[in-house]
Amino acid sequence: MLSMREDPDDPNEPGHEECMIFSTDGRTRLLFIEVPEGKQVKNRIHFDLRPPDATREEEVSRLIGLGATEVADHRRSDGSGWVTLADPEGNEFCVLRGDSQAEDPVRPPRDLTAQAPLTTAAAPSPQPRNPRAIPAG
């Protein structure tokens, strides 16, 4: 989905506590670390993913075939929107329109900034704490 690859010298095998994937140019890395606790609350990180080589619908079908489950369908009749999926452990992520479907594949589509109101109340996100911030005054 992310056009990322494993390190051929350190493949990610079932049972490994750490799994890293790299972008094709090697500049971006994602490290996943297994923890003993089960998911207790909402994810601390959320991915909005845009398929580089498939449509949103093709990618959603592929991911469901690999074990993801559909949580919510936010597709609109005009083709905008996204689908929220969860991996087998319940971690949620969204699949946006594919690069070939997006107006500008580099920037998020406009439909993400004009979302319809959520049907459930969401707690405001806490402001990140910056230890280097200079106090006002």
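Derivation of every value follows stated rules applied to the coordinates shown; laboratory data play no part. Keep in mind the model is a prediction, meaning the values are calculated, not measured. Neighbour counts run over all protein chains shown; Cβ positions are idealised from the backbone, glycine included.
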Simple SL model, points at 7 angstrom along Cα→Cβ for residue 22 and residue 45; separation in nm is 1.8
So, over other residues within a Cβ distance under 12 Å of residue 55, counting Lys, Arg +1 and Asp, Glu -1, the net charge is 0
Expressed in nanometres to one decimal, the distance between label points 7 Å along Cα→Cβ at residue 73 and residue 10 is 4.1
If the chain between residue 32 and residue 89 were fully extended at 0.36 nm per residue, the gain over the current Cα-Cα distance would be 19.2 nm
Taking max minus min of the Cα coordinates of the range 1-86 on each principal axis, largest first, gives extents in Å of 45, 35, 23
